[in-house]
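**Student:** This structure is in structure tokens; I'll ask about it shortly.
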Amino acid sequence: MRSGLSRSVVVGAALIVAVALGACRDAGNDEGKLFEISGKIFVFNYRLARATYVVTLRPLKPMGEGQVAVASFQDPAGGAPLVVEQKVWPKLDKVTLESPALTCVVKNKPYAIAISIKGADGAVLQKIDTTLMSTEDQSILPDRPLVIDQLYTANPDLVGHPDGKLPGEPKPDCSKGG
């Protein structure tokens, strides 16, 4: 009877130690982090006939003055990454990074995103690497913007084409897509 009780105590103590070590390990992983990704999505703006990456970062610690977030988005059309630099505003509760307009986005294909947080002196304080997959293919967008100004004036090029698709419209060359 006594050996059964001793085993239970030893097993219980081992479980407590394992949980405590696991908690320490998890806390240690977040210790050097300044930001975490709180959202990432492809935005397909049908009215403007454009697709973009949008990534939001949530600060895990108070943000410093002069910090900058630099995002390098894989270009779905191929070629050099699309680089965006965004000032980090210490009083805001998030940082939003949006790419320039994209072409050749393919459904269910992972695209690489690399983010660096830099201090006021230019030193890299944190690196975040992730991927993003679209649930739609860019072919769902019209060939040209449906509107041409802030007043949402209908694009005269699309008269008679309410779906925004123009017969014979040249398509982007997506053969170099990475």
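**Student:** Which lysines, if any, have their Cα less than 30 Å from the Cα of residue 127, not counting same-chain residues under 8 positions apart?
**Tutor:** 33, 40, 61, 87, 91, 94, 107, 109, 118, 176
**Student:** Just add up the charged neighbours of residue 176: K/R +1, D/E -1, any other residue whose Cβ is under 15 Å from the Cβ of residue 176.
**Tutor:** 0
**Student:** Another question, then. Residue 79: net charge of surrounding residues, Cβ under 13 Å, Lys/Arg +1, Asp/Glu -1, itself excluded?
**Tutor:** Surrounding charge for residue 79 is -1.
**Student:** Give the relative contact order (percent, whole number) for the stretch 99-140; include only Cα pairs under 8 Å separated by 6+ residues.
**Tutor:** Here the relative contact order equals 47 percent.
**Student:** For the stretch 75-178, with every protein chain kept in place, what is the accessible area per residue (1.4 Å probe, Å²)?
**Tutor:** 63 Å²
**Student:** Which value does Rg/Rh take for the stretch 25-115 over its C-alpha atoms, Rh per Kirkwood?
**Tutor:** Rg divided by Rh gives 1.02.
**Student:** May I pose another question? How much net charge surrounds residue 48 when only the other residues with a Cβ under 12 Å from the Cβ of residue 48 are counted, with Lys and Arg +1 and Asp and Glu -1?
**Tutor:** Combined, the nearby Lys, Arg, Asp and Glu give +2.
**Student:** Same structure, new question: Roughly how big is the stretch 47-154's charge dipole about its Cα centre, with Cβ charges of +1 (Lys, Arg) and -1 (Asp, Glu), in debye to the nearest 20?
**Tutor:** 240 debye
**Student:** Here is a further query. Mind pulling the per residue volume of the convex hull built on the Cα atoms of the stretch 26-178? Å³ is fine.
**Tutor:** 135 Å³
**Student:** Can you pull the percent of the stretch 64-164's accessible area that's carbon plus sulfur, 1.4 Å probe, other chains left in place?
**Tutor:** Roughly 56 percent, rounded to a whole number.
The values are calculated or read from the model by the stated rules, or taken from the named source; none is laboratory data. Every value quoted in this text rests on a predicted model; they were computed, and no experiment measured them. Cβ: placed from backbone, ideal geometry, glycine included. Neighbour counts: every protein chain shown. Remember, those area values only see protein heavy atoms, side chains included, never the ligands or the DNA or RNA. Shrake-Rupley method; radii C 1.70, N 1.55, O 1.52, S 1.80 Å.
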